[in-house]
Structure formats: structure tokens, C-alpha cells
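Trainee: I have a structure here, written as C-alpha cells, and I will follow up with some questions on it.
The values are calculated or read from the model by the stated rules, or taken from the named source; none is laboratory data. Computed from a predicted model, the values in this text were never measured in an experiment. Note: ideal-geometry Cβ built from the backbone for every residue, glycine included; neighbour counts use all protein chains shown.
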2 protein chains.
Amino acid sequence: MRIPKPISRLIESFERLPGIGPKTASRLTFYLLHTPQEDLDRFADALTALKTGTQLCTICKNVGEEAQCYICSDNSRDPKTIAVVSSPLDVFALEKTGYKGVYHVLHGIIDPLNNIGPDELFVDSLLKRLSGLEGSVELILATNTSMEGESTAMYIQKLVRDSGFESDAIKITRIARGLPVGGDIEYADDITLSRALEGRLEY
Amino acid sequence: MRIPKPISRLIESFERLPGIGPKTASRLTFYLLHTPQEDLDRFADALTALKTGTQLCTICKNVGEEAQCYICSDNSRDPKTIAVVSSPLDVFALEKTGYKGVYHVLHGIIDPLNNIGPDELFVDSLLKRLSGLEGSVELILATNTSMEGESTAMYIQKLVRDSGFESDAIKITRIARGLPVGGDIEYADDITLSRALEGRLEY
């Protein structure tokens with residue numbers, strides 16, 4: 001069984017993507033065989049320009065087109081409320097809530113099983129950024145509530161304190177863990193329910 | 001919420017692919033932001049070369065690199081046993097069975113709901129091919145067993161007969177419908193089970 005080289009090359013490229021297996025990769029490739037060359041060229045251009053056309057914001061490391069992203073350049077936002085997130089996708093999600101602070105994008109999460117340590121993340125730039133701020137700052141640790149997300153949050157909390165930033169200058173908070181809105185107590189798992197109890201607020 | 005243009009362009013290209021929604025499209029795009037430029041360029045090259053580097057076999061319309069595909073050029077195969085399939089992916093699947101005949105790839109299936117009629121398929125070339133063959137020929141209708149696949153098979157059967165090819169010159173067969181190997185009679189649907197009974201073979 002011989003697959004033509006131009007086809008197998010594209011299948012291989014698709015297979016490298018997360019969540020795309022050999023079957024999906026060939027299905028996508030054969031689908032593209034029936035699309036106009038124009039569309040293929042547009043797709044290819046978008047791929048090559050993805051990184052050349054973007055850069056990381058010098059302040060928050062979010063992906064943007066300019067040296068300073070539109071969030072960091074927005075004077076109406078509070079530069080002293082910083083949500084630490086692991087990916088630009090998390091920024092998009094938080095932006096939908098109407099959050100009016102700024103961000104710091106780590107571009108990863110501490111994950112020893114996949115060989116990702118703190119050195120791979122933008123934590124140095126976070127410390128540098130904090131030392132440049134005066135007055136009371138709030139650092140909201142908004143990483144996932146997965147094990148890796150919790151470890152990363154814990155690591156950053158410790159690092160900030162160990163670097164000499166005291167709690168009167170920098171308040172560190174963690175997003176609430178609890179029942180998602182519309183959730184059933186009956187079906188909630190033990191850990192989520194314990195967290196929901198611990199984090200209860202006065203009514 | 002503003003997504004940088006180079007990112008939104010790639011998300012749009014991914015979204016055009018079948019089975020890829022907005023969430024997956026952005027997940028893939030942000031994943032690619034962390035891959036080397038080299039890999040992006042390779043992916044882009046594979047996309048642009050997909051169609052320019054391939055052509056349809058002049059005989060069977062399968063996708064290949066030369067004017068005549070490796071299956072049609074293979075003298076050890078029986079050129080008078082022709083499996084009619086709707087896509088090159090079906091050729092790959094049938095090749096795994098050790099089938100020793102040849103193929104005719106329709107590049108589609110008759111699907112009125114999606115505005116795909118017989119004119120969109122390679123049926124004229126099938127008739128032309130059949131008129132060039134002498135002696136007894138077997139045409140195996142190996143389209144899917146979905147409603148569209150069945151209609152396409154039925155259409156081709158009728159067309160071949162209406163074009164004056166009699167059953168002594170061209171035998172038309174349809175792949176068997178029945179229980180998949182390892183299947184449970186208990187869980188089989190009515191139609192499959194009826195087909196399995198109708199198609200029973202002497203033991």
C-alpha cells in the first residue's frame with residue numbers, strides 16, 4: 001500500500017497536533033484534496049505567519065501584534081491586579097467575565113511528568129514586574145484547578161514570598177474552587193465539595 | 001476581546017476543516033505557537049504541495065504522483081475486477097484485505113441534501129473505461145452502506161445497464177451487508193440483521 005508522498009507529508013503534519021490521530025489526520029488531508037488551491041495557500045500563509053506576525057507583550061507575555069499588548073496599554077484597567085494564567089486562551093476566557101485587572105501569562109504549567117519545570121515558564125519576568133510596582137498589589141493565581149495547576153499556583157506563591165515580597169505589599173489570592181454554577185451537590189466529587197465548604201462566603 | 005490577526009487567521013483556517021469547531025481550532029493554533037518555525041514551515045509546504053504534487057490516475061481516478069497509479073500499472077492485478085469506491089481512503093482500506101483487482105474512485109457520493117449529484121462524480125469515466133474492456137468484467141459496488149452509499153450503488157447499477165452493458169459482459173455485485181465480525185446478534189439493528197439473513201451463504 002503506497003501513499004503518495006505529498007499526501008503522507010501532510011498527514012504527518014496533522015498527526016503532530018494534539019488530539020489528532022492517524023485516522024483524523026488522513027481524513028483531514030483527503031478532505032483538503034477537494035478544496036481550492038487558494039484555500040490551501042491561505043492556510044499555509046496563516047501557518048508561516050503565525051509566529052512571525054505575533055510577539056509576546058514585554059509586560060505580561062500575552063501574545064499580541066505589538067510590543068505592548070492592548071490590555072497592558074489600556075489605562076482604564078488596574079495594573080496592580082494581576083491574574084497569573086498559564087496560557088493566552090485563559091486570558092480570553094477571563095476577559096469574557098469583564099475582569100478589569102491585567103494578566104501575566106506563564107506559557108505553561110509545572111508538570112514534572114512531562115519535564116516542564118519552573119524554568120520553562122515566565123516566572124522571572126513576573127518577579128521583575130512585581131518589584132517595579134509600588135503600593136498594594138493583588139496577585140490572583142488563576143491557573144487550572146488540576147494537580148499541575150495547583151502545584152504551579154503553590155510554587156508561585158512560595159517563590160513570591162521567598163523573594164521578599166511581604167503580604168502587606170502583595171496580596172496573593174487563588175481563584176475559588178467549588179461547585180460550578182448549575183451544579184448538583186449530589187453528584188459533586190468529595191474534593192470539590194470540601195473546597196466548596198472551605199470557601200463558603202457569608203450570605 | 002481582541003485576538004491578534006495572525007492568530008485569528010489560522011483559527012479560521014482550522015475551523016473550515018470537517019469536525020473541527022471553534023474551541024479545537026483555537027486550541028490547535030495556540031499549541032502551534034509553541035512549536036518551532038521550522039515545523040510550521042514544513043506544515044505549510046505540505047499544504048501548498050498537496051494538490052500540485054499529486055494527480056488523479058487517468059484510469060481509475062485514484063490520487064497518485066504519476067499519470068497512471070501504481071495499482072493500475074501493476075500487471076499482477078486483475079484489470080477486469082473493478083471495485084467502485086467513493087474515496088481514496090476506501091482504496092487504502094480495501095488494499096489491507098489483500099484484494100487483487102483494481103479500483104474506480106468516484107470522489108464523492110450522491111447526496112441530494114448536500115447538492116451532490118451524479119455529475120460531480122467520476123461516472124462518465126467509469127462508463128468509458130468499461131466500454132474499453134473486453135470479456136467478462138466484474139464491477140464490485142463498494143460504496144458505504146449508508147443511505148447515500150446505497151443510492152450511489154443503485155444509480156451506478158442502473159446507469160451501467162441503461163448504457164447497454166448486459167449482464168453476460170459485466171457482472172455487477174454489491175459488497176455484503178451483514179453483522180461485522182465479532183458482532184452480537186442481540187444488539188444488531190433490524191435492517192442489518194435482515195440483510196445478514198438475505199445474504200446468507202451455504203455453510
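Trainee: Would you say residue A:60 is more than 10 Å from chain B (Cβ to nearest Cβ) and within 22 Å of residue A:109 (Cα to Cα)?
Mentor: Judged against the criteria, residue A:60 is a match.
Trainee: Within the range A:1-26, track down each residue that is buried (at least 19 other Cβ atoms within 10 Å of the Cβ) and of a type in the set (Lys, Arg).
Mentor: Selection gives A:9 alone.
Trainee: Which of the numbered conditions does residue A:62 fail, given that it passes all the others? Conditions: (1) free of Cβ contacts under 8 Å to residues at least 40 places away in the same chain; (2) in contact with a helix residue (DSSP H, G or I) (Cβ under 6 Å, 6 or more places away or on another chain).
Mentor: Looking at each condition in turn, residue A:62 falls short on (1).
Trainee: Among (1) at pLDDT 95 or above; (2) not acidic (Asp, Glu); (3) not assigned by TED's automatic domain parsing to the domain that holds residue A:142, there is one condition residue A:35 misses while meeting the rest; what is its number?
Mentor: (1)
Trainee: So is residue A:97 within 30 Å of residue A:175 (Cβ to Cβ) and either more than 27 Å from the chain's Cα centre (by Cα) or more than 9 Å from chain B (Cβ to nearest Cβ) (or both) or not?
Mentor: yes
Trainee: May I pose another question? Within the range A:66-85, is there a residue that is within 7 Å of another protein chain (Cβ to nearest Cβ), under 20 Å from residue B:35 (Cα atoms) and in a loop (DSSP other than H, G, I, E, B)?
Mentor: No.
Trainee: Since residue A:115 meets every condition but one in (1) surrounded by 15 or more Cβ atoms within 10 Å (Cβ to Cβ); (2) on the phi > 0 side of the Ramachandran plot, which condition does it not meet?
Mentor: (1)
Trainee: Among the candidates A:153, A:169, single out the residue that is under 27 Å from residue A:77 (Cα atoms) and buried (at least 16 other Cβ atoms within 10 Å of the Cβ).
Mentor: Within the list A:153, A:169, the selection yields A:153.
Trainee: Where in the range B:86-203 are the strands (runs of 3 or more DSSP E), entirely inside, with at least 2 residues that are over 30 Å from residue A:32 (Cα atoms), in contact (Cβ under 8 Å) with a residue 12 or more places away in the chain and of a type outside the set (D, E, K, R)?
Mentor: In the range B:86-203, the matching strands (runs of 3 or more DSSP E) lie at B:170-174.
Trainee: Kindly provide the set of residues from the range B:5-33 that are assigned to a loop (DSSP other than H, G, I, E, B), facing chain A (nearest Cβ under 7 Å) and over 22 Å from residue A:36 (Cβ atoms), ordered by number.
Mentor: Passing the criteria: only B:33.
Trainee: Of all residues being in contact with a Pro (Cβ under 9 Å, 6 or more places away or on another chain) and of a type in the set (Val, Ile, Thr) in the range B:43-66, which is surrounded by the most Cβ atoms within 10 Å (Cβ to Cβ)? Just the residue, please.
Mentor: B:63
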